[in-house]
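The values are calculated or read from the model by the stated rules, or taken from the named source; none is laboratory data. Since the model is a prediction, treat every value here as computed from it, not as a measurement. All Cβ positions, even for glycine, are placed from backbone atoms using ideal geometry, and neighbour counts span all protein chains on display. In case anyone asks, the SASA skips ligands and DNA or RNA and just uses the protein heavy atoms, side chains included. Shrake-Rupley method; radii C 1.70, N 1.55, O 1.52, S 1.80 Å.
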Amino acid sequence: MTIPQTMTAARMHTVGGELRLETLETPKPGDMDVLVRVKACGIVPNLGNILANWTTWFPHMPLPPLPAVFGLDPAGEVAALGRQVHGLKPGDRVYVNPGRSCGSCRHCRRGDPISCKHYAFQGYFGFSEHAMQTFADYPIGGLSEYMVAPVSAIVKIPDHMDYGQAARLGYLGTAYSALKKVNAGPGDTILVNGISGTLGIGAAIFGLAMGVNKILGTGRDKALLEEIKALAPNRVEVFSIADGSVTDFAMKHTDGEGVDAFHREKSPSERQLRGLRFSGS
Ligand SMILES: [Zn+2]
């Protein structure tokens, strides 16, 4: 695969400014990195709000230094490998996990990279000033022809999954991760507030696939709620919050005992933080 010296990327120069298509030098992978030729990139529902209103929404969390190439959840094909990468080959079809961490602190070592002080979403934002080092190491997001990520972030995708589908894995993974955290499975009843939203639909689909007995879902739009119920009419019950008390709805479907786990929507900023939204009841 011939790799051009330069590439086209979309860069934002000021918060709230437009993303400009510009010619940049094609990044080179470090020894443990992979160069990916991007075929698709996720656009999370809130991306526009985040980039336009960053300073008021997340004053304590840093964006990458501007101008920056954003883009969460890229998918594409392996274009080049670092010297010490041996399990992949050029042309492999991959998804890039955007979560970057240092890899060597006590949190990273015990498998909890989200607690790493260097943790950042490559191509999106970080969680403390230490994320600036992470952005310096991995500055390019997925709204670019090529991007570099560490080999530990590269996930091979099956032949039957197209790149557009793979670019949704990160967002779907939010609900999947949350359901795993609460050990959701056969015998459980879970409550998903906002089940007709992007995260809620993911929770419904994965909850069904993981064998959850009953999924209670709330929302506002009754037509959308009925679409969710149609996924599995015997296992999904839906309720419009315009029709009364969510607690009464949950109790009615659990013989008055309540649910085993629930998802709640809180502030917009909290909605953006992945994987931490299910709480045991
Ligand atoms: Zn770490």
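General observations
- Label-point gap, in nm, between R83 and N49 - each point 7 angstrom along Cα→Cβ: 4.7 nm
- Of the whole protein surface, H107 contributes about 40 Å² of accessible area at a 1.4 Å probe radius.
- With each label modelled as a point 7 angstrom along the Cα→C-beta vector, the K252-R220 pair spans 2.2 nm.
- Net charge dipole, the chain: roughly 500 debye, given to the nearest 20, about the Cα centre with Cβ charges of +1 for Lys and Arg and -1 for Asp and Glu.
- Accessible surface, per residue, of the chain when the full set of protein chains is kept, probe 1.4 Å, Å²: 49 Å²
- Nitroxide proxy distance, nm - points 7 Å out along Cα→Cβ at M1 and M161: 1.7 nm
- Hydrodynamic analysis of the stretch 136-266 uses the Kirkwood radius over alpha carbon pairs. Inserted into Stokes-Einstein at 25 °C and 0.890 mPa s, it gives a translational diffusion coefficient of 150 µm²/s.
- Rounded to the nearest 20, the Cβ-based charge dipole of the stretch 107-192 about its Cα centre (Lys and Arg +1, Asp and Glu -1) stands at 320 debye.
- Within the accessible surface of the chain, defined with a 1.4 Å probe on protein heavy atoms only, the carbon and sulfur portion equals 51 percent.
- Here the Karplus curve 6.51 cos²θ - 1.76 cosθ + 1.60, taken at θ = phi - 60°, turns the phi angles of the stretch 226-235 into couplings of 5, 5, 5, 4, 5, 4, 6, x, 7, 10 Hz, with x standing for Gly and Pro.
- For the stretch 169-269, a simple Cβ point-charge model (Lys and Arg +1, Asp and Glu -1, everything else neutral) yields a dipole of about 280 debye relative to the Cα centre.
- Lys/Arg +1, Asp/Glu -1 at C-beta; the chain dipole; positive extreme among L21, G207, G87: G87
- Pairs over the 21 Å Cα-Cα cut-off, from the set K229/K252; K39/K89; K39/K156; K117/K180: K117/K180.
- Entry note: the stretch 1-109 has Rg to Rh equal to 1.00, where both radii use alpha-carbon atoms and Rh is the Kirkwood radius.
- Coordinate range along principal axes, alpha carbons of the chain, Å, largest first: 64, 41, 39
- Burial order of peptide ranges 25-37, 148-160 (average beta-carbon count within 10 Å, highest first): 25-37, 148-160
- Nearest-ten-degree value, helix 198-209 long axis tilted from longest Cα axis of the chain: 70 degrees
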